[in-house]
């Protein structure tokens, strides 16, 4: 499987359509942490590009999907893309289109709308360095018939995981981690979604006081 990397150039001629976007352009919101603390919903991908300019993209998977219609078979491409700044933020999204490039662009925009904060730490009893190189505790994610357990690892361990999990964890800024997977792990979209679900659960346990890093 091949992975493509890149950065988005959205936002250069951005005209905000939502209240949050206008507040960002007016300078009333200067960080994405403020959006999470207020419990606001991100509805424009340009918001993420503006507040997280060093965002990276990874194409996780591309599939050809077919649909039977009265006129015959209709073929489209479905892409799964992950975005992250390698420093505590990760997003995952999908998109469909008649062309591969358009499908990737839609998936990247959708991933930005799903951006979430990942709580990092040193939860391994073997390490105890106190630096945010791993996860603070064990998390578990599920999607469909796939279940993924992520266990904090000591510093220097690396990512003991499959290629898809390595990409997502790396984009989130997790450097040392063990993973265990169960179910139909060859189903890449479900596996990627399960890893993302686990990382989101670390965010759901974060209190507003923890957001200030």
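The values are calculated or read from the model by the stated rules, or taken from the named source; none is laboratory data. These figures come from a predicted structure and were not determined experimentally. For neighbour counting, all protein chains shown are included, and Cβ atoms are generated from backbone atoms with ideal geometry for every residue, glycine included.
Would you confirm whether any residue within the range 94-105 is in contact with a helix residue (DSSP H, G or I) (Cβ under 8 Å, 6 or more places away or on another chain), outside any strand (DSSP E or B) and buried (at least 17 other Cβ atoms within 10 Å of the Cβ)?
There is no residue in the range 94-105 that is in contact with a helix residue (DSSP H, G or I) (Cβ under 8 Å, 6 or more places away or on another chain), outside any strand (DSSP E or B) and buried (at least 17 other Cβ atoms within 10 Å of the Cβ).
Tell me which helices (runs of 4 or more DSSP H) are completely within the range 12-64 and hold 1 or more residues being in contact with a strand residue (DSSP E or B) (Cβ under 9 Å, 6 or more places away or on another chain) and modelled with pLDDT of 90 or more, or say none if there are none.
32-38, 45-51
Scan the helices (runs of 4 or more DSSP H) fully inside the range 109-213 and keep the ones with 2 or more residues being buried (at least 21 other Cβ atoms within 10 Å of the Cβ).
163-172, 188-204
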